[in-house]
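Got a structure here, written out as structure tokens. Questions coming.
The values are calculated or read from the model by the stated rules, or taken from the named source; none is laboratory data. Remember, predicted model here, so these are calculated numbers, not experimental data. Glycine gets a Cβ as well: all are built from the backbone with ideal geometry, and neighbour counts include every protein chain shown. Heavy atoms of the whole protein, side chains included, go into the accessibility calculation; ligands, DNA and RNA do not. Shrake-Rupley method; radii C 1.70, N 1.55, O 1.52, S 1.80 Å.
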Amino acid sequence: QVQLVESGGGLVQPGGSRRLSCAASGSIFSINGMGWYRQAPGKQRELVAEIISGGSTNYTDSVKGRFTISRDNAENTVYLQMNSLKPEYTAVYYCRGVVRRRFYSIGQVYWGQGTQVTVSS
């Protein structure tokens, strides 16, 4: 089995910063890509940022220049550094990983349980 566990959520003031972490554990041969999604109340889950093998990154337009995604391959961990936070960024942030459990396996998608980020004064 594979587990993704997020941490780092909480209450932060507008303009503040927060760093999210997501650690993958379990039966893992390799992780093709990891990313962060968010879901605000009444809205669909959306991609925030992703990082794939080789280090290429992709961000949704609203967070470009504010958020930075990074990855520690040795620890199977992905981070999301969030700066200049706005109230509209309030959401549950989910970690997603495409994991190969064996060298012959195709990648399967796994999700974390989510961590709440609330941007409010």
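For segment 1-57, what is the accessible area per residue in Å², given a 1.4 Å probe and the full set of protein chains?
Numbers: 3020 Å² over 57 residues.
With all protein chains present, segment 1-57 gives 53 Å² per residue.
Counting other Cβ atoms within 10 Å of each Cβ, which chymotrypsin sites (Phe, Trp or Tyr not before Pro) in segment 37-121 have at most 15 and sit in a DSSP loop?
Working: sites: Y37, Y59, F67, Y79, Y89, Y93, Y94, F103, Y104, Y110, W111; in loops: F103, Y104.
Passing both the DSSP loop test and the Cβ count: F103, Y104.
How much of the accessible area of the chain, in percent, comes from carbon and sulfur atoms when a 1.4 Å probe is used?
Numbers: 2930 of 6440 Å².
Taking all protein chains in place, the chain shows 46 percent carbon and sulfur surface.
What is the projected area of the convex hull of the Cα atoms of segment 36-121, averaged over all directions, in nm²?
On the way: hull surface 26.3 nm².
Taking the Cα atoms of segment 36-121, their convex hull projects to 6.6 nm² on average.
Heavy atoms only, 1.4 Å probe, whole protein assembly: order T90, T68, T77 by accessible area, highest first.
Details: T90 35, T68 75, T77 15 Å².
Largest accessible area first, the list is T68, T90, T77.
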